[in-house]
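The block underneath contains the structure these notes are about, expressed in structure tokens.
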């Protein structure tokens with residue numbers, strides 16, 4: 001018996017018990033934990049109740065089903081689906097069976113009687129394939145978990161930002177000394193978002209800075225600025241900024257200094 005036991009458990013499905021046991025003996029001698037089933041129904045039961053099973057050596061023609069149909073049922077029997085690979089064993093297979101096997105997700109097939117060395121080489125290939133798929137699934141699961149945590153953090157950040165904005169608006173509304181000056185008439189017909197963009201322009205913000213602050217694209221900011229200029233009959237950003245900036249502010253003085 002090999003000292004290294006594979007973490008891939010093998011299910012041998014053959015309606016001839018002696019043939020199934022012979023295959024199991026060969027596999028166990030080379031370090032594989034192995035169980036046998038003599039019908040599709042028995043195989044389904046073993047697979048459902050043993051999560052370690054991940055490699056199938058399955059005879060094509062079974063009394064109550066065939067190997068290709070069995071693989072389809074196995075894929076549907078667990079939720080979420082488990083990773084497994086199937087090697088098909090057949091005494092005779094025509095071209096239609098082989099095409100059907102490939103379409104059904106069969107990884108490999110061997111003609112019976114099977115050469116043990118060839119079969120072991122095929123089992124080891126599928127073992128490595130399974131181990132690699134498991135590694136990729138773990139990495140993908142870890143990445144998905146990290147993305148989920150990141151999304152939650154961003155959501156919490158936006159909630160905190162909205163709360164901060166709400167407190168600021170409430171403070172401005174309740175404190176006349178800090179309230180915003182009355183809007184010029186030309187700006188009173190703007191939508192809330194258009195007005196928000198216009199006020200950020202009046203503070204000297206660039207399109208990029210406005211996009212970052214509002215969580216929109218720079219092209220969307222440009223569209224809003226264009227709409228604001230058209231609706232207020234302003235000619236440029238400077239005129240827009242002056243219209244919304246108090247005359248006493250340093251920004252207004254900077255624009256008018258020349």
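Below, the figures for the structure above:
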read-out	value
Selection within the stretch 132-156 - exposed (fewer than 14 other Cβ atoms within 10 Å of the Cβ) and touching a residue at least 40 places away in the same chain (Cβ under 8 Å)	137
Test: residue in the stretch 125-148 that is at pLDDT below 75, over 27 Å from residue 229 (Cβ atoms) and not assigned by TED's automatic domain parsing to the domain that holds residue 19	yes
Which numbered condition residue 186 fails, given (1) modelled with pLDDT of 85 or more; (2) surrounded by 13 or more Cβ atoms within 10 Å (Cβ to Cβ); (3) touching a helix residue (DSSP H, G or I) at 6+ places or on another chain (Cβ under 7 Å)	(1)
Pick from the stretch 113-131, criterion touching a residue at least 60 places away in the same chain (Cβ under 8 Å) and in a helix (DSSP H, G or I), ranking: surrounded by the most Cβ atoms within 10 Å (Cβ to Cβ)	123
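The values are calculated or read from the model by the stated rules, or taken from the named source; none is laboratory data. The structure displayed is predicted, hence computed values, not measured ones. So basically every Cβ, Gly included, is an ideal-geometry build from the backbone, and we count neighbours across all protein chains shown.
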